[in-house]
Amino acid sequence: MKKGFLFSAIIIVILLTHNVALGEDLIKVGLIDIQRCLEESKEGQKVLGVLKKKKAVLQRQLDTKQKELLELRKELEKQSMMLTMNAQQDKRRIIERKTRELEYFFKDLNEDMRKAQEKEKKRMLKQLGKVIEKIGSDENFTLIIEKRAGGVLYWADSIDITEKVIRAYEQMKEEGKE
C-alpha cells in the first residue's frame, strides 16, 4: 500500500511541476469508482440479474443432489440393523462416492459462476474504458484515477466523475454502440 501511495504521489508531483514549469494550465484530475459503475449502471443491474438467475438454477441442482445424499444417509440409518455387513459397506461406499461427487459438483458450480462473473466484468470494463477515454479526451483530463486503487487517500467530491461515466455508459448502451 505504501508503494502504491508513493507511486501515485510521485506521478502527481511530476505532472504538477511539469505543467507549472512549462507555463501550462494546471492538471485536471478525475476520480472514478469503477466498482460503482459496474454495480449501479443499468447494464450492471441487467448482468447482475442474469447471474442471479443462473446461480438460482445451479443452486436448485445442488439442493437436489444434497437432498438425494441426505435421503441415502437416512435410509442407511434406518436399515442398518437389517442389512448385512457387506450391504452396509456397499451403502457406505455409495454414500462416500455421492459425497465426493457432490463436493466436485459444488466446486464446478463455484468455478462456473466465477468464470461467468469474470467474463461479464471484463466485457463491461472494456466498454467502460472506452467511455472513460472519451470523457477524458473530450473534457481535457490530464489524469483519471480509480478511486479504489492503492494510494488514493483523499479526494474532493468535485473531481469524482463516476456519475458522469455511468450516464455516458448508459447512453452508449442505449445507442447500441459497443
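Values quoted throughout were computed directly from the atomic coordinates according to the rules given, and no laboratory measurement underlies them. Since we're looking at a predicted model, the values are computed, not measured. Here the Cβ positions follow ideal geometry from the backbone for every residue, glycine too, while neighbour counts run over all protein chains shown.
Brief remarks on what is shown
- Magnitude of the charge dipole, region 40-137, Cβ model with Lys/Arg +1 and Asp/Glu -1, debye to 20: 420 debye
- Net +/- balance of residues flanking D157 in space, Cβ distance below 13 Å, scoring K and R +1, D and E -1: -1
- One quarter of the surface of the convex hull around the alpha-carbon atoms of region 44-137 equals 7.0 nm², the direction-averaged projected area.
- Each of I145, I32 was scored by other Cβ atoms within 10 Å of its Cβ. Listed from fewest to most, they are I145, I32.
- Note on F105/K42: beta-carbon distance plugged into 1/(1 + (r/R0)^6) with R0 of 25 Å gives a FRET efficiency of 0.15.
- Put simply, the amide H of I144, placed in the peptide plane, has neighbours under 5 Å in G30, leaving out anything fewer than 5 places away on its chain.
- Sites matching trypsin sites (Lys or Arg not before Pro) across region 62-156 that sit in DSSP coil, with at most 12 neighbouring C-beta atoms within 10 Å: R148
- Model label sites at A149 and V50, defined 7 Å from Cα along the beta-carbon direction, differ in position by 2.8 nm.
- The calculated pair-distance distribution of region 2-175 uses every alpha carbon pair, bins of 10 angstrom beginning at 0, and gives 8, 23, 20, 15, 12, 10, 7, 3, 1, 0 percent.
- Which of V165, V57, V152 has the fewest Cβ neighbours within 10 Å, and the rest in rising order: V57, V152, V165
- Beyond 30 Å in Cα-Cα separation lie the following of the pairs K46/K98; K107/K147; K74/K107; K55/K173; K115/K173; K28/K126: K46/K98; K107/K147.
- Local net charge near E96, Cβ-Cβ under 12 Å (Lys/Arg +1, Asp/Glu -1): +4
- Among the chymotrypsin sites (Phe, Trp or Tyr not before Pro) found in region 106-178, those both in a DSSP coil and sparsely packed, with 16 or fewer other Cβ atoms within 10 Å of their Cβ, are Y154, W155.
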